[in-house]
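Inspection log for the structure reproduced underneath, given as structure tokens.
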Amino acid sequence: MRTAKKEKALSVGLDKILTVYYNTVCMRRIASRGRSAASDTLPRRCLPRRNRMQGGMDMTHVLLEKKEHIAVATINRPKALNALNSEVLSDLNELVDTVAADPDIYALVITGSGEKAFVAGADIGEMSTLTKEGGEAFGKHGNDVFRRIETLPIPTIAAVNGFALGGGCELSMSCDIRICADTAVFGQPETGLGITPGFGGTQRLARLVSPGMAKQLIYTAKNIKADEAYRIGLVNAVYPLEELMPAAEKLAQTIAKNAPIAVRACKKAINDGLQTDMDQAIVIEEKLFGSCFETADQKEGMGAFLEKRKHEPYQNK
Ligand code: DAK
């Protein structure tokens, strides 16, 4: 018969073996193959537990709801304040695949489940035992997903309903627009944990607010409340918590009513233009502007104006 002591020793031993395995084999495979290949071959512990979700999605920690032409994705790991572990990151990757493949979705809202947190950061438990190699792979996993969110052709809105710390603040910054509840708290607490931001925080925060403000927030690891986030331009608007999701959906619906190809072209022009100098940026805008004249929606939009009537709903054509 096993004693309680032996049971505990066995379980601790198994945990150690699995942790070492995760740090070496799993993370190396994720790093070298990317998530989809890795998920085909990795052992069960490294893979997301699977649930069939609506809309053909196959995710455990992200819920997706479609409302007319908008989608609302909810990160759903409330017991850990929606912290981002590898499973959540993989589900976010799948979310991007699903949304990108659906031509009827014109805008995406991302929020967190519960009333307390948007996302309270990368999962500290999962990160705590990472090696240098595992840390780089974990960072790459998150960075790849966040970059895919940032470059999704359709507009994205982060509806920040509570704590947006570390990876949570970084996730919100990979969206085009941030609005938040008056209860929201933002911060990059990583230096207080002995690490740097790892999902793009040093880069996106400096671009979104200012290098000086980003450096202050990151060096001090101090959190800021919603009103301060608004003051420094990190969020576009602050709402009472109960009004946040209606406001986010209204904003997404307002965007979705405009010509989707033109909206996507604007996103591309802004994002690509910000990566380059003004001379080239203007050329990017010219090309995208020109491409709109091949669309039925441009003909309808301008035709309606000239005929002094309301335009028909845009067709994304
Ligand atoms: N990870 C894992 N679990 C978390 C978590 C997190 N980030 N945040 C909260 N939780 C869990 C708590 O452990 C607790 O679990 P139980 O004890 O109930 O099992 C549960 O959520 C509720 O949390 P609390 O009991 O702490 O709730 P409180 O209201 O008292 O406090 C809080 C709320 C948000 C102030 C507190 O939970 C907190 O300080 N959380 C940690 C916030 C944080 O430091 N986040 C930043 C994580 S660092 C990189 C890659 C990525 C990153 C960096 C580098 N490279 C590869 C270079 C990203 C880093 C981060 O995001």
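The values are calculated or read from the model by the stated rules, or taken from the named source; none is laboratory data. From a predicted model like this one, the values you see are computed outputs, not experimental measurements. No Cβ is skipped: glycine too gets one built from the backbone with ideal geometry, and neighbour counts run over all protein chains shown. Ligands, DNA and RNA are excluded from the accessible area calculation, which covers all protein heavy atoms including side chains. Shrake-Rupley method; radii C 1.70, N 1.55, O 1.52, S 1.80 Å.
Would you mind counting up the charge near LYS67? Only other residues with Cβ under 15 Å from its Cβ, with Lys and Arg at +1 and Asp and Glu at -1. Once positives and negatives cancel, what remains is -2.
Label-to-label distance for LYS79 and GLU136 is 3.4 nm, based on points extended 7 Å past Cα in the beta-carbon direction.
Using the Cβ-Cβ distance between LEU241 and ILE195 with R0 set to 30 Å, the FRET efficiency from 1/(1 + (r/R0)^6) comes to roughly 0.50. Of the residues LYS317, LYS215, ranked by 1.4 Å probe accessible area with the largest first, the sequence reads LYS317, LYS215. A protection proxy built from the mean count of other Cβ atoms within 10 Å ranks the segments 189-202, 101-114, 302-315, most packed first, as 101-114, 189-202, 302-315.
The count of lysine pairs in region 115-256 whose Cα atoms are under 29 Å apart, excluding pairs fewer than 8 places apart on the same chain, comes to 13. The overall shape of region 203-306 is oblate: from the C-alpha gyration tensor, with semi-axes ordered a ≥ b ≥ c, the ratio a/c is 1.5 or greater and a/b is no larger than b/c. Residue order by solvent-accessible surface for ARG204, ARG231, ARG148, ARG77 is ARG231, ARG148, ARG77, ARG204, largest first, with ligands and nucleic acids left out and a 1.4 Å probe.
Between GLU228 and ALA206, what is the FRET efficiency for a Förster distance of 25 Å, r being their Cβ-Cβ separation, to the nearest 0.05?
0.90
The heavy atoms of PHE163 present about 60 square angstrom of accessible area, all protein chains included, probe 1.4 Å.
Beta carbons within 10 angstrom, averaged per residue: use that to sort the peptides 269-278, 66-75, 174-183, highest first.
174-183, 66-75, 269-278
Is region 73-214 rounded, prolate or oblate when judged by the Cα gyration tensor, a ≥ b ≥ c being the square roots of its eigenvalues, rounded requiring a/c under 1.5 and prolate requiring a/b larger than b/c? Here region 73-214 falls in the rounded category. Per residue, region 150-191 exposes 18 Å² of accessible surface when a 1.4 Å probe is rolled over the protein heavy atoms with every protein chain present. Computed from label points 7 Å out along Cα-Cβ, the spacing between GLU307 and GLU150 is 4.3 nm.
Mind ordering 131-137, 156-162, 79-85, 115-121 by average Cβ neighbours within 10 Å, highest first?
156-162, 115-121, 79-85, 131-137
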